[in-house]
Amino acid sequence: MRTGIIERIHAEIAHHRAGRPARIRIKANSIVDEAIIDSLYIASQEGVPVELLIRGICALRPGVPGLSDTIRVRSVLGRFLGTAGCSGSRAAASLKAWIGSADLMHRNLDRRVEVLVRLPGERNLAAVGELLDLVFDPQTTAWELDREGGWRHVRGERDLQSSLVEQQRRRRTPEHAARSTS
């Protein structure tokens, strides 16, 4: 799995070098794998925007001049645990996303059987993209990792988990049900 993730990171670097749209977004509970972190640093040094949603341990340092200028790390904590992971890239103007449960840690990548599944369908890709857009929107309350390894609480106008609960409630209303069946 590590090899596949690194290959996708380097594919985004190639897209960026060729002048095509490129971006890397990863959601995981933790990221400590040196090879993946090194690849993300290389992507940043090449100018590829990298956004990481990490719930727990993050051994990567974002925002270090000359090393990780284009990397942002956020964490959203609340009443719901986020355990499923996804990684996505926007290569050649098309979004691709993979989902799975593995963290980017040695125990997951070296000693367990883990898989990532490519997320099919434009509707699913759009939903994941919209969710990650909300996560990385400056108006969303989150924790942001700084270059020294400290987490800073950023209060935005939007609480992500409350927004998602409200969105789900609206989907369940009779009016919405009638619209979705017509």
Residue check, A11 of a type in the set (A, V, I, L, M), more than 12 Å from the chain's Cα centre (by Cα) and modelled with pLDDT under 90:
no
Residues being farther than 21 Å from P21 by Cα, touching a strand residue (DSSP E or B) at 6+ places or on another chain (Cβ under 8 Å) and either free of Cβ contacts under 8 Å to residues at least 40 places away in the same chain or assigned to a strand (DSSP E or B) (or both) - total across the range 61-78:
2
Log entry, pairs with first residue in the range 24-41 being under 15 Å from L109 (Cα atoms), second being of a type in the set (K, R), beta carbons closer than 7 Å, six or more apart or on different chains, reads N29/R55; D33/R2; A35/R2; I36/R2
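Within the range 3-15, can one find any residue that is outside any helix (DSSP H, G or I), open to solvent by 40 Å² or more (accessible area, probe 1.4 Å) and either within 17 Å of I54 (Cβ to Cβ) or without any contact (Cβ under 8 Å) to a residue 40 or more places away in the chain (or both)?
No, there is no match, as no residue in the range 3-15 is outside any helix (DSSP H, G or I), open to solvent by 40 Å² or more (accessible area, probe 1.4 Å) and either within 17 Å of I54 (Cβ to Cβ) or without any contact (Cβ under 8 Å) to a residue 40 or more places away in the chain (or both).
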So which of R61, R72 ends up being under 15 Å from the mean Cα position of the chain (by Cα), modelled with pLDDT of 95 or more and surrounded by fewer than 22 Cβ atoms within 10 Å (Cβ to Cβ)?
R72
Residue, least open to solvent (accessible area, probe 1.4 Å), within the range 136-179, restricted to residues that are modelled with pLDDT under 90 and touching a helix residue (DSSP H, G or I) at 6+ places or on another chain (Cβ under 9 Å):
L160
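The values are calculated or read from the model by the stated rules, or taken from the named source; none is laboratory data. Computed from a predicted model, the values in this text were never measured in an experiment. Neighbour counts are summed over all protein chains in view; Cβ atoms, including those assigned to glycine, are modelled from backbone coordinates with ideal geometry. Calculation scope for accessible area: heavy atoms of the full protein, side chains included, ligands and nucleic acids excluded. Shrake-Rupley method; radii C 1.70, N 1.55, O 1.52, S 1.80 Å.
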